Amino acid sequence: MTLVYQSTRDSHNTVTASQAILQGLATDGGLFTPLTYPKVELDFERLKDLSYQEVAKVILGAFLDDFTEAELDYCITNAYDSKFDDQHIAPLVKLDGQYNLELFHGSTIAFKDMALSILPYLMTTAAKKHGLENKIVILTATSGDTGKAAMAGFANVPGTEIIVFYPKDGVSKVQELQMTTQTGNNTHVVAIDGNFDDAQTNVKEMFNDETLRAKLAEQKMQFSSANSMNIGRLVPQIVYYVYAYAQLVKAGEIVAGQEVNFTVPTGNFGNILAAFYAKQIGLPVGKLICASNENNVLTDFFKTKVYDKKRAFKVTTSPSMDILVSSNLERLVFHLLGNDAAKTAQLMTALSREGQYQLDPVDPEILDLFAAEWATEEETAQEIKRVYDMSRYIEDPHTAVASSVYQKYAIASQDSRKTVIASTASPYKFPVVAVEAITGETGLSDFEALATLQSLSGVALPPAVDGLETAPVRHKTVVAAADMQREVERYLGV
Ligand SMILES: *Cc1c(COP(=O)(O)O)cnc(C)c1O
């Protein structure tokens, strides 16, 4: 039987995995979400000796069950290759009191590569399966990392066009240059006067705009999404939770069956939701610790069951988590409500009209899986320094938010289970923050800081940033948030 993916807002809107990947978002505004979970045999005595690619075959085969084995093999082999600078793809590093799961060894040195290196293959394979002749237009809002990782995956892929919107003053210099220097004849990068939530809201509106969809269809084009709203982003992220656990068993750090916690620096709730799905297929997970920065709307949600976005948007040193409307939480809400689409739709309408909703009643077992805490800017910097002083290991600010939150959680809860920190970016992506935290030196440019970081860490400058300073800037368009749709129409000529 094929797994059913249903829109979180309409119980009649159901599709298969490959259809969900092609569509990206449901046209009713909801997100395609699995209703039941596949049966996967998680035998860690066997899994511990498998490569990352082999674990990916097990997990993707189970969740993306209308793809053939040969199709998935093709996608996995091409995605997880020498683009990654570590043969383990997602190596696990043991530090004092925690394990850092390094998810930043792909071509753009942030964890978005884990899924975005495979999404273009899944999408073009799905298009071929369904005999689709339309050109796929990937429309993406980014808080800094998705945009570059998506373009790295989709640049020059035949039959696709990719348009990326990012908040002009909401990303690091390195992140901005990574995007604006992007090559490829099908890439288009646009800065907006506005924040990430503005970008994401307008992108969602374009997806749901029937007139715009019809105009695209006339020109033989259709939208899809590379954001974590696309289930094709989430499923590849389940793989590394299973892989990390298998590596802990292999190293003798735990015995198979022992519960492990995961702390995840969270923005759009995609990464931590993948961990939730890993738990649903039987991964022995203790707590999923949701770590936020000063945009702590999720911490409040887990403590009060009220989601309230009516608060000031803060620009922090962990920009990829500067989000007040966390898209994938909608999927968890749907599960917390017993997969009730009508109720989920009501709450999401309340969120867009009144800026808040209250969740009631909820599945206590699911809620109890989560713990939530946040870190201030000062705590984040202190954590970078603490970890460096202790282990000579340099965390990026997003990872440091998670690491700091875990320290607080461990003390408050007395939970002594082994804990893995999802380490979502290389410090080379946020060099000024990392160097300032460690040396106290202020006023450095990004490129001065890169050099200092290299001497502090002894880790070679990754190709993702090497040469960035002198690379030609190809994308200079800036528009008001309200003009995003006009820019899309202009660029596509519809
Ligand atoms: C995207 C991102 C996050 C947040 O992940 P979500 O899946 O959106 O919760 C955290 N850290 C980094 C470095 C990111 O790029």
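Taking region 326-343 as the range and being surrounded by 14 or more Cβ atoms within 10 Å (Cβ to Cβ) and touching a strand residue (DSSP E or B) at 6+ places or on another chain (Cβ under 9 Å) as the test, the residues that pass are Ser326, Leu329, Glu330, Arg331, Leu332, Val333, Phe334, His335, Asn339, Asp340, Ala341. Exactly one residue among Gln237, Gln280, Gln258, Gln247 is more than 16 Å from the ligand (Cβ to nearest atom) and either at pLDDT below 95 or buried (at least 20 other Cβ atoms within 10 Å of the Cβ) (or both), and that residue is Gln247.
Screening Pro319 against (1) within 11 Å of the ligand (Cβ to nearest atom); (2) out of contact with any helix residue (DSSP H, G or I) (no Cβ under 8 Å at 6 or more places or on another chain); (3) not β-branched (Val, Ile, Thr) leaves a single unmet condition, (2). Looking at region 271-388, the strands (runs of 3 or more DSSP E) lying wholly inside it that each contain 3 or more residues that are over 21 Å from Ser404 (Cα atoms) sit at 306-308, 356-358. Of all the listed residues (Lys168, Lys173, Lys215, Lys204), the sole one being charged (D, E, K, R) and within 26 Å of Asn100 (Cβ to Cβ) is Lys173. Restricted to region 1-106, the set of helices (runs of 4 or more DSSP H) holding at least 2 residues that are over 19 Å from the mean Cα position of the chain (by Cα), among the hydroxyl-bearing types (Ser, Thr, Tyr) and surrounded by fewer than 17 Cβ atoms within 10 Å (Cβ to Cβ) comprises 69-79. With respect to the conditions (1) touching a Gly at 6+ places or on another chain (Cβ under 7 Å); (2) aliphatic (A, V, I, L, M); (3) modelled with pLDDT under 95, Val174 lacks only one, and its number is (1). Quickly run through region 206-252 and pick out the residues that are under 17 Å from Ala126 (Cα atoms) and assigned to a helix (DSSP H, G or I). Hits for region 206-252 are Ile231, Gly232, Arg233, Leu234, Val235, Pro236. Taking the criterion of being modelled with pLDDT of 95 or more and surrounded by fewer than 18 Cβ atoms within 10 Å (Cβ to Cβ), the only residue of region 186-205 that qualifies is Asp193. Condition check: more than 16 Å from the ligand (Cβ to nearest atom) and either assigned to a loop (DSSP other than H, G, I, E, B) or surrounded by fewer than 22 Cβ atoms within 10 Å (Cβ to Cβ) (or both). Does Val171 satisfy that? Considered against the rule, which asks whether it is more than 16 Å from the ligand (Cβ to nearest atom) and either assigned to a loop (DSSP other than H, G, I, E, B) or surrounded by fewer than 22 Cβ atoms within 10 Å (Cβ to Cβ) (or both), Val171 comes out as no. Filtered by the rule that a residue be within 12 Å of the ligand (Cβ to nearest atom) and either surrounded by fewer than 21 Cβ atoms within 10 Å (Cβ to Cβ) or of a type in the set (A, V, I, L, M) (or both), region 378-429 gives Ala400, Val401, Ala402, Ile421, Ala422, Ala425. Inspection of region 120-139 finds no residue satisfying the criterion of being within 25 Å of Val459 (Cβ to Cβ), part of a helix (DSSP H, G or I), in contact with a helix residue (DSSP H, G or I) (Cβ under 9 Å, 6 or more places away or on another chain) and modelled with pLDDT of 95 or more. Of all residue pairs spaced 6 or more apart or on separate chains, those with beta-carbon atoms under 7 Å, a first member in region 109-126 that is away from the ligand (no atom under 16 Å from the Cβ) and a second member that is of a type in the set (Val, Ile, Thr) and assigned to a helix (DSSP H, G or I) are Leu122/Ile21; Met123/Ile21; Ala126/Ile21.
Residues in region 322-360 that are within 16 Å of the ligand (Cβ to nearest atom) and farther than 25 Å from Phe104 by Cα: 4 in all. Taking region 77-107 as the range and being at pLDDT below 95 and within 16 Å of the ligand (Cβ to nearest atom) as the test, only Ser107 passes. I'd like to verify a number: residues in region 182-205 that are part of a strand (DSSP E or B) and under 17 Å from Asp483 (Cα atoms), how many? Residues that pass the stated criteria total 6. Within the span defined as region 214-231, every residue fails to be among the hydroxyl-bearing types (Ser, Thr, Tyr) and more than 20 Å from Thr160 (Cβ to Cβ). Looking only at region 206-221, decide whether some residue is touching a strand residue (DSSP E or B) at 6+ places or on another chain (Cβ under 6 Å) and buried (at least 23 other Cβ atoms within 10 Å of the Cβ). Within region 206-221 (the criterion being touching a strand residue (DSSP E or B) at 6+ places or on another chain (Cβ under 6 Å) and buried (at least 23 other Cβ atoms within 10 Å of the Cβ)), the answer is no, since none of the residues qualifies.
The values are calculated or read from the model by the stated rules, or taken from the named source; none is laboratory data. Predicted, not measured: the structure shown is a model, and the values here were computed from it. All Cβ positions, glycine included, derive from the backbone under ideal geometry; neighbour counts span all protein chains shown.
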